[in-house]
Amino acid sequence: MSVTILGTGLAGYTTAREIRKLDADLPITLITADDGHNYSKPMLSNGFAKGKTAEGLKQQSADQMADALGATVLTETRVTAIDTATRRLTTDTGEHPYDSLVLATGAQQIRLPLEGDGADDVVSVNTLWEYATFRDRLDGKSTVAVMGPGLIGCEFANDLCAGGLSCHVIGPDAYPLERLMPAPAGHALQQALTSLGTHFHLGTVVSAVNRHGDGFRLALSNGEHVDADIVLSAAGLVPDTALARAAGLDTARGIVVDRCLRTSDPHVYALGDCIEIEGLLMPYVMPIMYMARALASAVTGNPAPVSLPAMPVAVKTPVHPIVVSPPAPDAVGHWHCETQEDGGVKARFESEDGTLLGIALTGAMAVRQKVALQRELPPVLA
Ligand code: FAD
């Protein structure tokens, strides 16, 4: 019996660590298309102001991880197909048999449909290696256009402006973080980021990116244009389901797993940004930690359904700190917002009977109330 883990991001390496806690001898092989360096992905959107290069964000190499985990790590190896009937992986370097397989393949950046001769120069940052490219291009530049006023886009805007650059944030939403927070909370963030040097262009989208001098000119659907040295896409991520779908595993928005992280094939498990569990996508650090523990139990013969408490997410916008725990997509209720003395907002999403179902806290005063409010929130998966 052995376990093969596809992916060496947070989900892959954490799963290997959790399996090791339960079984010192089980052979573990991790396979990754990249060089297998362990790094903290959340640092990609707040590393610039701290002067962090991609090299500086590398923690352990694949060899160091292999030693620490007592595992084999195959790097620069792309898996191109999974045959669940014969339990074999096809990779670009050969075939690899497996007993139990864990898919931890992460998510893919959404590519926006863009016209123009600069469209192919738009960068996105979902990996350390993309961060390296982004940092190289930033050298000596002063203005960045960020497509997407969501969580990642706002974190980059805060980081780039705090590092001395000027930023344009562009997107169809009415206010930043519209999918996670009510309007007063979003406007408080918008005001704080604006004071730092971010220019918002909301209610509009980029239709074309054309080369212009040494940089780019972005045509917006509202008829305006924006000039920038670099264009960063932060339009969101979608679970990487391609391999699983081609292998005939059940997929919806993500690879469908049950509460023991099993896919529709009894020998294949999945976790992290690539999955969907009970209709939910949870592309954040904390759910991965819980799921890795449950997956490790299941794969070592003691399946126990995962339970997930409320896990508010801290948005890394230090100019106006934010903690959000949005209500479940089907929750019925209303946001109740209170402006704080420091200009921040405490927003509670409550059902008709006053049960707390979600929170959005912005600014230092509101964020201080996180622990008390978190206790009141219902679990994500009871
Ligand atoms: P990934 O880290 O993407 O790993 C995927 C792995 O699969 C890689 O090793 C890749 O090489 C491998 N792979 C994929 N396909 C193949 C293939 N066919 N063959 C071989 N290998 C393959 N979350 C928070 O909770 N708080 C934060 O502050 C926060 N900040 C973030 C900031 C940024 C900029 C981003 C992008 C995300 C942030 N997140 C944050 C989300 C969090 O980082 C992710 O949920 C988490 O890192 C995902 O880990 P993963 O292992 O599922 O995926």
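Amide H contacts of His199: Cys167, His168, Val169, each under 5 Å away and 5 or more positions distant or on a separate chain (H built 1.01 Å from N in the peptide plane; Pro and chain starts excluded). In terms of its C-alpha gyration tensor, segment 202-242 has an oblate overall shape, because the principal axis ratio a/c (a ≥ b ≥ c, square roots of the eigenvalues) is not below 1.5 and a/b does not outweigh b/c. Largest GNM mean-square fluctuation among Thr339, Thr15, Thr317, using the chain with Cα springs under 10 Å: Thr339. Using θ = phi - 60° in the Karplus curve 6.51 cos²θ - 1.76 cosθ + 1.60, the 3J(HN,Hα) couplings for segment 154-163 round to 5, 4, 5, 4, 4, 5, 5, 5, 5, x Hz; x is entered for Gly and Pro. Mean-square fluctuations from a GNM of the chain, with a 10 angstrom spring cutoff on Cα atoms, peak among Cys274, Cys337, Cys260 at Cys337. Here the simple spin-label model places points 7 Å from the Cα toward Cβ, and for Thr204 and Glu55 these points are separated by 4.1 nm. Per residue, the average separation of C-alpha pairs within less than 8 Å and at least 6 apart gives the chain a relative contact order of 16 percent. The listed residues Glu178, Glu18, once ranked by accessible area (1.4 Å probe) with the largest placed first, stand as Glu178, Glu18. Here segment 232-286 and segment 111-151 have alpha carbon centers that stand 26 Å from each other. Relative to the Cα centre, the charge distribution of segment 56-166, modelled as +1 at Lys and Arg Cβ and -1 at Asp and Glu Cβ, gives a dipole magnitude of about 200 debye. Full extension of the chain between Glu115 and Ala132 yields a length gain of 3.5 nm, computed as 0.36 nm times the residue separation minus the alpha carbon distance.
Around the Cα centre of the chain, unit charges on the Cβ atoms of Lys, Arg, Asp and Glu (plus for the first two, minus for the last two) sum to a dipole of about 660 debye. Figure legend: label point modelled 7 angstrom from the Cα of Ala81 along Cα→Cβ; residues of segment 96-115 with amide N under 18 Å from it are 96-98. Convex hull volume of the Cα atoms of the chain, normalised per residue: 145 Å³.
Once the Cα atoms are used to define both axes, helix 183-196 deviates from the longest principal axis of the chain by about 80 degrees. When the listed pairs Lys50/Lys141; Lys21/Lys41; Lys41/Lys141; Lys41/Lys316; Lys21/Lys316; Lys21/Lys370 are checked against a 20 Å cut-off, the alpha-carbon distance exceeds it for Lys21/Lys41; Lys41/Lys141; Lys21/Lys316; Lys21/Lys370. The magnitude of the dipole of segment 99-229, with charges of +1 and -1 set on the Cβ of Lys/Arg and Asp/Glu and taken from the Cα centre, is near 220 debye.
Relative protection proxy for 308-316, 358-366, from highest mean packing down: 358-366, 308-316 (other beta-carbon atoms within 10 angstrom). Here the sum of -39500 (n - 2.57) over DSSP H runs of 4 or more residues, divided by the residues of the chain, equals -7000 deg cm²/dmol at 222 nm, to the nearest 500. Gaussian network model of the chain, Cα springs within a sub-10 Å range: biggest mean-square fluctuation belongs to which of Asp92, Asp214, Asp258? Comparing Asp92, Asp214, Asp258 in a Gaussian network model of the chain, the most mobile one is Asp214. Return one number: the angle in degrees, 0 to 90 and rounded to the nearest 10, between the long axis of the Cα atoms of helix 285-299 and the longest principal axis of the Cα atoms of the chain. Tilt relative to the chain: about 10 degrees. The angle between the Cα long axis of helix 128-138 and the main principal axis of the chain comes to about 30°, on a 0 to 90 degree scale.
Of Met147, Met286, the order by accessible heavy-atom surface (1.4 Å probe, DNA, RNA and ligands excluded), from most exposed downward, is Met286, Met147.
What residue among Ala234, Ala247, Cys260 has its Cα farthest toward the positive end of the dipole of the chain, where the charges are +1 on Lys, Arg and -1 on Asp, Glu, each on the Cβ? Among Ala234, Ala247, Cys260, the one farthest towards the positive end of the dipole of the chain is Cys260.
The values are calculated or read from the model by the stated rules, or taken from the named source; none is laboratory data. Computed from a predicted model, the values in this text were never measured in an experiment. For neighbour counting, all protein chains shown are included, and Cβ atoms are generated from backbone atoms with ideal geometry for every residue, glycine included. Accessible surface is based on the protein model in full, side chains and every heavy atom, while ligands, DNA and RNA are left aside. Shrake-Rupley method; radii C 1.70, N 1.55, O 1.52, S 1.80 Å.
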